[in-house]
Amino acid sequence: MKLCALLTRVVIGLALICSVTAFAQQDYPSRPIRVVVPYSPGGNTDLIARHVMKELAVRLGQPVVIENRPGANSIIGTDTVAKAPADGYTLGIVIGAYTINTALYRKLPYGPDDLTPVTQLTQSVLVLETALPDVVSFADLVRAANDAAAPLTYATSGAGSFAHLQSEQVARVTGMKHVLHVPYKGTADALKDVMSGRIGFTIESFSTLVSLIQTGKVKALAVTSRERSPMLPDVPTLKELGYPELVYYSWNGVVVPAGTPPAIIERLSKELSAVLKEPVLRTKLIPFGVETVGSTPAEFASFITQERKVQGNLIRQLGLTME
């Protein structure tokens, strides 16, 4: 009888826990939500997050607060999310660095299974540009990389960055035989040397380069999108120049700590997808070369898996590692 009584109490206890958990999920959210952006305020990732999360707060009826945690190629901010309570009140923004870091670093403070995908927010066209006076087309740039006595230099915001990997991929696929990577601590310094002609070229997001292109300080030679960008209708895609494998975008999305209740993940995905479909938001982002996506958790998980595979293969080909 004592055993039966004990089992009865255990069953009742589990039922109470389940009912409380279910009620908490139905009541979600009941307090402010934190969104960790692993980059500094004012950058492209931060601005997109703020636009989207402002609208998400309206739909959820709770404040959504941005917390910037920059450093270590996004590792600091991402680790903050991975170690947060799995209750739906901490979200994280991830970009291409999230998939790159898995293969690039020998040891990370978190693993691939410590975070759960919610949705891909956006994708952004990248632009290959230069300020070299004798280069007016992408073909000219390839010739410059092969005919000059010294290697053609290209700038990025750091070794192992998305721009670094894609620049190397462009060089390999298009037959640029003599290129030299010059890593910088930030995009601003890199662009200064590109504009002066000290650096041959760079690949960056349209939003970063738009004012420089419009004022003629740099020349856009090609874009990495499937179709020509409406913001740069006269600039060819690498695909139409004969390189269909060079179609890629910078991207960002939302993740949560592993163990977050599926009902909360579905709610967040649904609400974010609705936000991303709003014409007003899309209109705000178009001038920055940004397209909204709004994928399901399963679709975003599949996308991340594929990105890890692609970037990991490229990192191994280049022989890159970071401590």
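Answer with yes or no whether PRO236 is at pLDDT below 95 and not hydrophobic (A, V, I, L, M, F, W, C). Steps first, answer last, please.
Working: at pLDDT below 95: no; not hydrophobic (A, V, I, L, M, F, W, C): yes.
Judged against the criteria, PRO236 is not a match.
What number of residues within the stretch 90-109 are aromatic (Phe, Trp, Tyr) and assigned to a helix (DSSP H, G or I)? Steps first, answer last, please.
In the first step, residues of the stretch 90-109 are kept if they are aromatic (Phe, Trp, Tyr); the result is 98, 105.
Filter once more, so that each one left must be assigned to a helix (DSSP H, G or I): 98.
Count: 1.
Could you say whether any residue in the stretch 224-237 is touching a strand residue (DSSP E or B) at 6+ places or on another chain (Cβ under 7 Å) and part of a strand (DSSP E or B)?
Looking through the stretch 224-237, at least one residue is touching a strand residue (DSSP E or B) at 6+ places or on another chain (Cβ under 7 Å) and part of a strand (DSSP E or B).
Here's a check for you: in the stretch 208-222, which residue that is under 15 Å from THR187 (Cα atoms) and modelled with pLDDT of 90 or more is farthest from the chain's Cα centre (by Cα)? Talk me through it step by step, then tell me what you get.
Filtering the stretch 208-222 for residues under 15 Å from THR187 (Cα atoms) gives 208-212, 218.
From what is left, the residues that are modelled with pLDDT of 90 or more are 212, 218.
Details: LEU212: 23, VAL218: 24 Å.
Per the criteria, the residue is VAL218.
What tally of residues in the stretch 185-197 results from selecting those that are surrounded by fewer than 20 Cβ atoms within 10 Å (Cβ to Cβ) and in contact with a strand residue (DSSP E or B) (Cβ under 8 Å, 6 or more places away or on another chain)? Can you show your working first?
Let us first name the residues in the stretch 185-197 that are surrounded by fewer than 20 Cβ atoms within 10 Å (Cβ to Cβ), namely 185-186, 188-189, 192-193, 195-197.
Remaining after also requiring in contact with a strand residue (DSSP E or B) (Cβ under 8 Å, 6 or more places away or on another chain): 193.
Of the residues in the stretch 185-197, 1 are surrounded by fewer than 20 Cβ atoms within 10 Å (Cβ to Cβ) and in contact with a strand residue (DSSP E or B) (Cβ under 8 Å, 6 or more places away or on another chain).
Pairs please, first residue from the stretch 39-67 and acidic (Asp, Glu), second anywhere and part of a loop (DSSP other than H, G, I, E, B) and surrounded by fewer than 16 Cβ atoms within 10 Å (Cβ to Cβ), Cβ atoms under 8 Å, 6+ apart in sequence or on different chains.
Short answer, once both residue conditions are applied: ASP46/SER40; GLU55/GLU278.
Keeping to the stretch 163-184, report how many residues are in contact with a helix residue (DSSP H, G or I) (Cβ under 9 Å, 6 or more places away or on another chain) and of a type in the set (Ser, Thr, Tyr).
So the first thing to find is which residues in the stretch 163-184 are in contact with a helix residue (DSSP H, G or I) (Cβ under 9 Å, 6 or more places away or on another chain), and the list is 163-166, 168-169, 171-172, 174-179, 181-184.
Going one step further and asking which of them are of a type in the set (Ser, Thr, Tyr), we end up with 174, 184.
So the answer is 2.
Could you tell me which numbered condition ALA263 fails, if it satisfies all but one of (1) on the phi < 0 side of the Ramachandran plot; (2) assigned to a loop (DSSP other than H, G, I, E, B); (3) not polar (S, T, N, Q)?
Evaluating ALA263 over (1) on the phi < 0 side of the Ramachandran plot; (2) assigned to a loop (DSSP other than H, G, I, E, B); (3) not polar (S, T, N, Q) leaves (2) as the failure.
Hey, among GLU271, GLU245, GLU240, which residue is among the acidic types (Asp, Glu) and either touching a strand residue (DSSP E or B) at 6+ places or on another chain (Cβ under 7 Å) or farther than 30 Å from SER167 by Cβ (or both)? So that I can check it myself, show each step before the final result.
Numbers: GLU245 fails: either touching a strand residue (DSSP E or B) at 6+ places or on another chain (Cβ under 7 Å) or farther than 30 Å from SER167 by Cβ (or both); GLU240 fails: either touching a strand residue (DSSP E or B) at 6+ places or on another chain (Cβ under 7 Å) or farther than 30 Å from SER167 by Cβ (or both).
Sole residue among the options that is among the acidic types (Asp, Glu) and either touching a strand residue (DSSP E or B) at 6+ places or on another chain (Cβ under 7 Å) or farther than 30 Å from SER167 by Cβ (or both): GLU271.
Out of the residues in the stretch 288-316 that are farther than 18 Å from ALA97 by Cβ and free of Cβ contacts under 8 Å to residues at least 24 places away in the same chain, which is surrounded by the fewest Cβ atoms within 10 Å (Cβ to Cβ)?
Of everything passing the filter in the stretch 288-316, ALA298 is surrounded by the fewest Cβ atoms within 10 Å (Cβ to Cβ).
Residue under question is TYR98, and the condition is that it be aromatic (Phe, Trp, Tyr), crowded, with 16+ Cβ neighbours inside 10 Å and closer than 22 Å to THR292 by Cβ; does it hold? Break it down into steps so the answer makes sense when it comes.
On the way: aromatic (Phe, Trp, Tyr): yes; crowded, with 16+ Cβ neighbours inside 10 Å: yes; closer than 22 Å to THR292 by Cβ: yes.
When the stated conditions are applied, TYR98 passes them.
Which one of these does LEU285 not meet: (1) surrounded by fewer than 17 Cβ atoms within 10 Å (Cβ to Cβ); (2) among the aliphatic types (A, V, I, L, M); (3) farther than 22 Å from TYR110 by Cα; (4) at pLDDT below 95?
Status for LEU285: all satisfied but (1).
Residues GLY253, GLY312, GLY242, GLY294: which one is of a type outside the set (S, T, N, Q) and assigned to a strand (DSSP E or B)? Before the answer, list the steps.
Details: GLY312 fails: assigned to a strand (DSSP E or B); GLY242 fails: assigned to a strand (DSSP E or B); GLY294 fails: assigned to a strand (DSSP E or B).
Answer to the selection: GLY253.
Taking the stretch 241-262, which residues are surrounded by fewer than 16 Cβ atoms within 10 Å (Cβ to Cβ) and either of a type in the set (Lys, Arg) or touching a residue at least 12 places away in the same chain (Cβ under 8 Å) (or both)? So that I can check it myself, show each step before the final result.
Pass one, the stretch 241-262, residues surrounded by fewer than 16 Cβ atoms within 10 Å (Cβ to Cβ): 242, 244-245, 247, 258-259, 262.
Passing the criteria: GLU245, VAL247, ALA258, GLY259.
Out of GLY160, GLY197, report the one residue that is touching a helix residue (DSSP H, G or I) at 6+ places or on another chain (Cβ under 8 Å), in contact (Cβ under 8 Å) with a residue 40 or more places away in the chain and of a type in the set (Gly, Ala, Ser). Don't jump to the end; show me each part of the working.
Values: GLY197 fails: touching a helix residue (DSSP H, G or I) at 6+ places or on another chain (Cβ under 8 Å).
On inspection, the qualifying residue turns out to be GLY160.
Looking at the stretch 47-67, which of its residues are within 22 Å of THR156 (Cβ to Cβ) and buried (at least 18 other Cβ atoms within 10 Å of the Cβ)?
Within the stretch 47-67, just ILE48 meets the criteria.
If you take the residues of the stretch 182-223 that are of a type in the set (Val, Ile, Thr) and part of a strand (DSSP E or B), which of them is farthest from ALA150 (Cα to Cα)?
Filtering the stretch 182-223 down to residues of a type in the set (Val, Ile, Thr) leaves 182, 187, 194, 199, 202-203, 208, 210, 213, 215, 218, 223.
Among the residues that remain, those that are also part of a strand (DSSP E or B) are: 182, 202-203, 223.
Details: VAL182: 14, THR202: 17, ILE203: 20, VAL223: 26 Å.
Once the filter is applied, the top-ranked residue is VAL223.
Give THR202, THR224 a once-over and let me know the one that is within 20 Å of LEU152 (Cβ to Cβ) and touching a helix residue (DSSP H, G or I) at 6+ places or on another chain (Cβ under 7 Å).
Working: THR224 fails: touching a helix residue (DSSP H, G or I) at 6+ places or on another chain (Cβ under 7 Å).
Sole residue among the options that is within 20 Å of LEU152 (Cβ to Cβ) and touching a helix residue (DSSP H, G or I) at 6+ places or on another chain (Cβ under 7 Å): THR202.
The values are calculated or read from the model by the stated rules, or taken from the named source; none is laboratory data. Because the structure is a prediction, the values reported are computed rather than measured. Neighbour counts are summed over all protein chains in view; Cβ atoms, including those assigned to glycine, are modelled from backbone coordinates with ideal geometry.
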